[in-house]
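*Asks:* Below: one structure in structure tokens.
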Amino acid sequence: MANYMDYSNAQQFAQAIRTAMNAYNGAWKARGSVTFANLPATLTLAMEGYVYNVSDQFTTDARFVEGAGTVCAAGTNVAVVNAGTEQAPDMKFDTLGTFIDTSAIDARIDAVLSDIAPAFAAANAYAIGDVVTYEDQLYKFKAAHTAGNAWDATEVDAIDVLDLIDATEPDSLTSAQMTALIAIIDGASSGT
């Protein structure tokens, strides 16, 4: 048990994760849905962070970070960003994907998830408090599971990673696992 963190350390890691996640909130200012033709023609520094939902299919032009010629589906969100510097702003639209591309860190995510919660296997017995993944969701057993029985949703509660971090059981995650989770969050936010 020496490699597990104590409860006070778990609280510090939880706060670090909350801080990293909160950095994503409030940065964008939703401006509603518009057609491509009705996107602002001129962008200003005061518009940085504005996000528009483009209601029709469009092809990017020189106003976009991506450059001209990228075809985007109806419903694509675009944000106003400063592609220059604070001293020499270069305001552009940047298309926002509907997902975060984690392909560069998928192996790390899978390894951490496997350490945190192995996939449910009907052949295994599980005790109250054991955590597993099932159909891409985390679950914690609230009743014992007998080996050989099929998945029984009445035996578990759906949880998320923060539930594990905030758990009264300080041994839920190791320090290495928490460090890896924070690195994944930081890596996703920086695009690495």
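Read-outs throughout are calculated quantities, based only on the coordinates presented, and are distinct from any laboratory measurement. Not measured: the values here are computed from a predicted model. Don't worry about glycine lacking a Cβ; one is built from the backbone with ideal geometry, like all the others, and counts go over all protein chains shown.
*Asks:* Across the range 52-70, what is the total count of residues that are within 19 Å of GLY32 (Cβ to Cβ), within 24 Å of the chain's Cα centre (by Cα) and of a type in the set (D, E, K, R)?
*Replies:* 0
*Asks:* Which residues, taken from the range 71-84, are closer than 20 Å to SER33 by Cα and in a loop (DSSP other than H, G, I, E, B)?
*Replies:* If the condition is that a residue be closer than 20 Å to SER33 by Cα and in a loop (DSSP other than H, G, I, E, B), then ALA73, ALA74, GLY75 are the ones that fit.
*Asks:* If you go through the range 46-70 one residue at a time, how many are hydrophobic (A, V, I, L, M, F, W, C), assigned to a loop (DSSP other than H, G, I, E, B) and free of Cβ contacts under 8 Å to residues at least 24 places away in the same chain?
*Replies:* Number satisfying all stated conditions: 2.
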